[in-house]
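A short reminder: the numbers here are calculations on the coordinates, not readings from a lab. Note that the structure is a prediction, hence the values are computed from the model and not measured. Positions of Cβ are generated from backbone atoms using ideal geometry, with glycine treated the same way; all protein chains shown enter the neighbour counts.
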Amino acid sequence: MNINLAQIREGRTGRCSSYARSGRNNDAWKIKADETRLLADIRGPGAITHIWMTQGKHYRECLLKITWDNAKSPSVLVPLGDFFCLGHGIVNSFQSFLFTASTKDNNLFNQDCGHTCFGVE
């Protein structure tokens with residue numbers, strides 16, 4: 001496993017985003033119960049190297065699913081908060097090698113929080 005995130009590698013990059021098509025900062029998705037949203041459908045070889053998102057509530061009720069190579073079931077199926085190291089929906093600011101979370105409301109339940117995950121190949 002290569003854990004040098006700053007190493008320059010050959011290849012090309014791509015990006016999938018929920019960017020605001022109106023040009024404003026209104027790209028939040030309102031997802032209803034039992035609804036699914038597809039962020040990316042990447043064809044061909046590749047690696048997810050960075051995930052950034054914000055969440056305000058429902059850290060245990062919102063599931064993150066990642067399926068590789070057209071598998072019948074997800075390889076990752078986890079509550080969003082648990083994936084970003086925020087157990088039981090309680091937010092805290094922290095920084096580690098692969099994950100960060102940033103909030104103004106530490107040690108509180110279901111508060112706004114920004115999340116980042118960096119992948120290693």
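Taking the alpha-carbon distance from K72 and a cut-off under 20 Å, which aspartates and glutamates remain once sequence neighbours fewer than 8 residues away in the same chain are dropped?
In chain and number order, the partners are D34, E35, D41.
Mind listing the long-range amide H neighbours of V78? Cut-off is under 5 Å, sequence gap 5 or more, other chains count too, H placed in the peptide plane at 1.01 Å from N.
Residues meeting the amide H criterion: L64.
Using a 10 angstrom cutoff on alpha carbons, build the Gaussian network for the chain and name the most mobile of G89, G56, G14.
G14
Under a GNM of the chain (C-alpha, springs under 10 Å), which listed residue has the highest mean-square fluctuation: A28, A71, A101?
For the chain, modelled as a Gaussian network with Cα springs under 10 Å, the answer is A71.
Setting aside same-chain residues fewer than 8 positions from K65, which lysines have a Cα under 23 Å from its Cα?
K30, K32, K57
Within a 10 angstrom radius of the beta carbon, how do V78, V91 rank from fewest other beta carbons to most? Mind showing how you got there, number by number?
On the way: V78 13, V91 26.
Going from least to most buried by this count: V78, V91.
At 222 nm, what helix-only mean residue ellipticity would the chain give, in deg cm²/dmol to the nearest 500, using -39500 (n - 2.57) for each DSSP H run of four or more?
Counting only the DSSP helices, I get -500 deg cm²/dmol.
Ranking Y59, Y19 by Cβ neighbours within 10 Å, fewest first, what do you get?
Neighbour counts put them in this order, fewest first: Y19, Y59.
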